[in-house]
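Everything on this sheet refers to the single structure shown next.
The values are calculated or read from the model by the stated rules, or taken from the named source; none is laboratory data. Computed from a predicted model, the values in this text were never measured in an experiment. So basically every Cβ, Gly included, is an ideal-geometry build from the backbone, and we count neighbours across all protein chains shown. When the accessible area is computed, the model is the full protein with side chains, heavy atoms only, and any ligands, DNA or RNA have been set aside. Shrake-Rupley method; radii C 1.70, N 1.55, O 1.52, S 1.80 Å.
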Amino acid sequence: MIIQALHQRYLNLADDPTSGISPRYFCSAKISYLLEIDRDGNLVGVRDIRDDSGKKKIPIVDIVPEQPSRSSGINPYFLSDKAEYIIGHYPAMADDKDTQKKSADARKKYEASKALAQTVLSDVNDEAAQALLKFYKKWDPSSVRDHPLLQDYMSDLDRGIDTQMAFRLETQHQMIHQLETVKQAWIRYRQQEDSASEYSGQCLLTGEYNVPIARTHEKIKGVRNAQSAGASLISFNFPSAESYGNTQSYNSPIGKDSMFGYTTALNHLLASPRNRIWIGDMTVVFWSGQAAAAEETEPFFASFFDSSYVPPEDSSVTRQLRDVLERVQKGAKLEAEMVPHTDTPFYVLGLSPNNARLAVRFFWQGHFGNLIEKLGQHAADFALSGQDEGFGDTPTAYRILAETMRVGADGKKVGDGPPPRLGGELFRSIVEGRTYPYSLYTLIINRVRADGMINRLRASILKAYLTRYGRIQNYNRFEEELTLSLNPNAQEPAYRLGRLFAVLERAQQEAAGGPGKINATIKDRYFNAASSNPAAVFPILIKLSQHHMSKARYGDFRDREMQEILQGIEAFPAHLDLQRQGLFILGYYHQKQSYFAQIKAAADAKLEAAAAEADS
Amino acid sequence: MAYGIKLHVWGDNACFTRPEMKVERVSYDAMTPSSARGILEAIHWKPAIRWVIDRIHVLNEIRFENIRRNEIENKIPVSAIKNAISGKSASLSQVVTEERQQRATLMLKNPAYIIEAHFEMTQAAGAEDSPEKHYNIFLRRARQGQCFHRPYLGCREFAAQFALIEPDSKLPPSYYAGSGDIDLGWMLHDIDYGDRMIPRFFRATMRDGVIQVPVFGERA
């Protein structure tokens, strides 16, 4: 499933020469410095090859001989490594004793690096390789701090970050690790090492028999909040996870080749902004099973969940997809032929770190068409009419989650972020088309209770939750209430009382001379009580409203509205449950929204009339 | 295969852990043959017989759910137990607070399967063991809900309910009936206890909700 899909992705990418994925026994790494040597092995130049076009110098990324993760001990990389391994560099410490210790350490590392180069390159008949061997013979790591060519870089090297170096023969353009003969020598060396594996068996990923099994797996980098050196997706780092006397990854026989494939593919995905998004504490990667469709489907998926992600180019397909979702939002049914790339396989994988391991939180595989169907459903459930607050589109997962946060006096979100698990649950419910998390619903109700703010997003979250819950549980009682805009015929008392509350508030405002004239309306004092225990509050409010109506200019209108709404209500319920509290809020929002719509329509009509007059 | 049996099993949850994801557990999409064998052995097993799984029917939609919980990271070492047996002093305790590991599980929700299987007589069978006898013992025990230990769906904590499907009765319908071939990837077949406990895998394909299990040890 997961590993298989990743391995398949590696195979697909490896077929494509432009993908930039590393071939077997190689990996991509950052290089900061280039050492130039002459044919006799003398160091004749040192260059900083970092990219300095931005604010910070960024090392270049190149494909180099494989660099397995180093945890402890001495483990040199071939031809491209940190300064301490390549030239035996050591930092000068305040204490002489410390410096000596560092120097001895670096010498050991240098010697290991030298030994590795000699083993791999001894039989290679190539002038660059031979020059390199001569360099290793001549170089004296104890004088590294005095070398004239290194002086300019010493302060950077002493800091020890990003000091990876590579070699080049001065007459050649390519770096030594890029030369074909050297690459071949490296592959031969590694293959020989692999065939000497102590354990072989059937690979659970490809099913091949008698393949050398990987004892440990490469680390996965780029999952948020995981250790920076990377975490393992497959590892057995405590005894109770082991069985049948196996240790480490022999517990799950995966061939060395397959291991390389899936880790490389996953690291590649995590490094690509087009294939990765963060939602709550979960890092999500997604990919299309077809290279041809990837350009269009992947950015679309990303932009649906992360508003900060701007697709590089608004292609015609992206527009087409947006159009599809918009139509669904307005209630149209989705037809298969409307969606491009319907049959493209698509994968979504959610990971979150746990100690030095990665846990799979979520995995979905299916066709792009299914996915669009689910996203469309989500868009339709969230659709709610309202004044345009600058986002006509379906809110991204990020914005939905942010609505559960406390709002400060300046209108900005403050305090702790949304609960960490909520993001993952919301994401799962969107992609799988299941009910939205209950905690999202209760959190929003709590926020409304606490700060009394009922905006379009909050109302649409409540509506979406109830709509989806009703559909999946086959509970159609609230169907009438869960509409795009006000439904005056809806009978549910909770909804009607919500509407009534909006009318009462409006009457009060009008009595005071219009909205915004009074600092505290009945909403600030009574909303919580009215939405949970209507019987205790509404009689007071209605009594109060009689004063407002007699005073206000449109009092009669409000009175009629009130009568109309109250017609369906026999008695004020003593208590509303959480579900009905949501309906109460929705009714309130719908009613208020209809006032805005009335005002807007009136203004539009006025403008039109004025325009018509000007024309005549 | 005159003595084939069909057993309906179901439960609230299941986790047929993938070996590659057994630390942060992720379940296979469907029941593995070794797990099915475990369920049958819980109902009836004697050294004289060996269960062979023929087919696994997937009845409900494959759905996943995620949980996290605290578990223990160590086992009590065998050497400590040996010491205790031989009368030396040994600590056989585990301290939860010091050995806590939080682990995630991606498990199946609402699983239900039909196991189709038969048994073979082993060399341990004596003169008093006949296939008829064991077949009838199994039928009687399964009908009455008897078991040596509670059968489970992949992990001990996911208890399995079971019911015998009588030889000529109708099978419950599968969610995947008529859905054609669905590739489930390589799946654990069983452990080869005869050969260094090597795990063997087979390519699982679900055709209309039915996974055909190959003969153990036969190369795909």
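Among A:SER240, A:PHE501, B:TYR28, pick out the residue whose Cα is farthest towards the positive end of the charge dipole of the protein assembly as shown, where Lys and Arg carry +1 and Asp and Glu carry -1 on C-beta, about the Cα centre.
Going by the charge dipole, the pick is A:PHE501.
How large is ³J(HN,Hα) for each residue in the range A:36-48, as worked out from phi by the Karplus curve 6.51 cos²θ - 1.76 cosθ + 1.60 (θ = phi - 60°), to whole Hz, x for Gly and Pro?
Computed from phi, the couplings for the range A:36-48 are 9, 10, 9, 5, 8, x, 8, 6, 10, x, 10, 10, 8 Hz.
Could you compute Rg(Cα) / (2.2 N^0.38 Å) for the range B:104-209, with N its residue count?
With N residues counted in the range B:104-209, Rg over 2.2 N^0.38 Å equals 1.33.
Considering the options B:MET187, B:PRO172, B:ALA159, tell which one lies farthest towards the positive end of the dipole of the range B:153-213, charges being +1 on Lys and Arg and -1 on Asp and Glu at the Cβ, about the Cα centre.
Projecting each Cα onto the dipole axis, the largest value belongs to B:MET187.
Computed from the mean reciprocal separation of all distinct C-alpha pairs, what Kirkwood hydrodynamic radius does the range A:1-67 have, in Å?
14.7
Using a probe radius of 1.4 Å on heavy atoms only, what accessible surface per residue do you get for the protein assembly as shown? Whole Å² is fine.
Value returned for the protein assembly as shown: 48 Å² of accessible area per residue.
What number, in percent, do you get for the relative contact order of the range A:202-317 if the mean sequence gap of Cα pairs under 8 Å and at least 6 apart is divided by its residue count?
Relative contact order here is 22 percent.
Suppose we take every Cα in the range A:354-493 and form the convex hull; what volume per residue is that in Å³?
Cα-based convex hull of the range A:354-493, divided per residue, equals 149 Å³.
Report the equivalent ellipsoid semi-axes for the range A:33-154 in whole Å, largest first, defined as the square roots of five times the eigenvalues of the gyration tensor built from alpha carbon atoms.
Semi-axis lengths for the range A:33-154 are 22, 20, 17 Å.
Considering protein heavy atoms only and a 1.4 Å probe radius, which residues within the range A:353-377 exhibit an accessible-area decrease of no less than 30 Å² in the full assembly relative to the chain by itself?
By number: A:ASN354, A:ARG357, A:ALA359, A:VAL360, A:ARG361.
Among B:SER91, B:CYS15, B:TRP51, whose Cα projects farthest towards the positive end of the dipole of the range B:1-154, with charges put on the beta-carbon of Lys, Arg (+1) and Asp, Glu (-1)?
Projecting each Cα onto the dipole axis, the largest value belongs to B:SER91.
When only Cα pairs under 8 Å and 6 or more residues apart are kept, what is the percent relative contact order across chain A?
Reported relative contact order: 9 percent.
With the cut-off at 1.5 for a/c, could you classify the range A:416-523 from its C-alpha gyration tensor as rounded, prolate or oblate?
oblate
What's the total accessible area buried between chains A and B, using a 1.4 Å probe, rounded to the nearest 100 Å²?
Summing both sides, the interface buries roughly 3300 Å².
Restricting everything to alpha-carbon atoms, can you work out Rg to Rh for the range A:139-233 with a Kirkwood hydrodynamic radius?
1.10
Kindly tabulate the residues in the range B:43-81 with an accessible-area decrease of at least 30 Å² between the chain alone and the assembly of all protein chains, using a probe of 1.4 Å.
SASA drop of 30 Å² or more in the range B:43-81: B:ARG63, B:PHE64, B:ASN66, B:ARG68, B:GLU73, B:LYS75.
Mind listing the long-range amide H neighbours of A:ILE279? Cut-off is under 5 Å, sequence gap 5 or more, other chains count too, H placed in the peptide plane at 1.01 Å from N.
When sequence neighbours closer than 5 places are left aside, the close amide H contacts are A:VAL284.
How large is the dipole of the range B:133-184 about the Cα centre if only Lys and Arg carry +1 and Asp and Glu carry -1, each at its Cβ, rounded to the nearest 20 debye?
The calculated dipole for the range B:133-184 is roughly 480 debye.
Size of the dipole of the range A:489-548 about the Cα centre, Lys and Arg at +1 and Asp and Glu at -1 on the beta carbon, nothing else charged, in debye to 20?
60
Could you give me the ³J(HN,Hα) list for the range A:548-560, computed from phi with Karplus coefficients 6.51, -1.76, 1.60 and θ = phi - 60°, whole Hz, x at Gly and Pro?
4, 5, 5, 8, 7, 6, 9, x, 4, 4, 4, 4, 5
When only C-alpha pairs under 8 Å and at least 6 residues apart count, what is the relative contact order of chain B, in percent?
33
Counting Lys and Arg as +1 and Asp and Glu as -1, what is the net charge of the other residues whose Cβ lies under 14 Å from the Cβ of B:SER130?
Summing Lys/Arg as +1 and Asp/Glu as -1 gives -2.
Once phi is turned into ³J(HN,Hα) by the Karplus curve 6.51 cos²θ - 1.76 cosθ + 1.60 with θ = phi - 60°, what whole-Hz value does each residue of the range A:148-157 show in order, with x for glycine and proline?
Using θ = phi - 60°, the values come out as x, 5, 8, 4, 4, 9, 4, 5, 5, 5 Hz.
So which lysines can A:LYS221 reach, going by Cα to Cα under 27 Å and dropping same-chain residues fewer than 8 places off?
In chain and number order, the partners are A:LYS30, A:LYS55, A:LYS56, A:LYS57, A:LYS82, A:LYS109, A:LYS183, A:LYS256, B:LYS22.
Amide H of B:ASN13 versus every other amide H placed in the peptide plane: which residues, excluding those fewer than 5 positions away on the same chain, fall under 5 Å?
For B:ASN13, the qualifying residues are B:ASN110.
Fully extended, how many nm does the chain gain between A:VAL61 and A:LEU566 (0.36 nm per residue separation, minus their Cα-Cα distance)?
That pair, A:VAL61 and A:LEU566, stretches by 174.8 nm at full extension.
Taking the Cα centre as origin and putting +1 on Lys and Arg beta-carbons and -1 on Asp and Glu beta-carbons, what dipole magnitude results for the protein assembly as shown, to the nearest 20 debye?
Result for the protein assembly as shown is approximately 2420 debye, rounded to the nearest 20.
Compute, for A:LEU443, the solvent-accessible surface of its heavy atoms (probe 1.4 Å) with the complete set of protein chains present, and express it in square angstrom to the nearest 10.
Surface open to solvent at A:LEU443 totals about 50 Å².
Using amide H atoms built in the peptide plane, which far-off residues or other-chain residues are under 5 Å from B:ILE182 H to H?
Result for B:ILE182 returns B:MET206, B:ARG207, B:ASP208.
Pop a pseudo-label 7 angstrom from the Cα along the beta-carbon direction at both A:ALA535 and A:ARG224 and give the gap in nm to one decimal.
So the two model labels end up 4.7 nm from each other.
Would you list, by chain and number, the aspartates and glutamates whose Cα falls below 13 Å from the Cα of B:LYS133, excluding same-chain residues fewer than 8 positions away?
B:GLU120
Using the eigenvalues of the Cα gyration tensor, what equivalent ellipsoid semi-axes result for the protein assembly as shown when each is taken as the square root of five times the eigenvalue, whole Å, largest first?
One finds semi-axes of 57, 44, 25 Å for the protein assembly as shown.
Let me check I've understood the local charge: for A:ILE74, count other residues with C-beta under 15 angstrom from its C-beta, Lys and Arg +1, Asp and Glu -1. What total comes out?
Surrounding charge for A:ILE74 is +4.
What three numbers, in Å, describe the spread of the alpha carbons of the range B:3-47 along their principal axes, ordered from the longest?
Ordered largest first, the range B:3-47 gives principal extents of 38, 25, 15 Å.
With n ≥ 4 as the cut-off for DSSP H runs, can you work out [θ] at 222 nm for the protein assembly as shown, using -39500 (n - 2.57) per run divided by the number of residues, rounded to the nearest 500?
For the protein assembly as shown, the value works out to -12500 deg cm²/dmol.
Run the 1.4 Å probe and let me know the accessible area of A:ARG406, rounded to the nearest 10 Å².
We get 130 Å² for A:ARG406.
If you roll a 1.4 angstrom probe over the protein chains with everything in place, what fraction of the accessible area of the protein assembly as shown belongs to carbon and sulfur, to the nearest %?
The C+S portion of the solvent-accessible surface of the protein assembly as shown is 49 percent.
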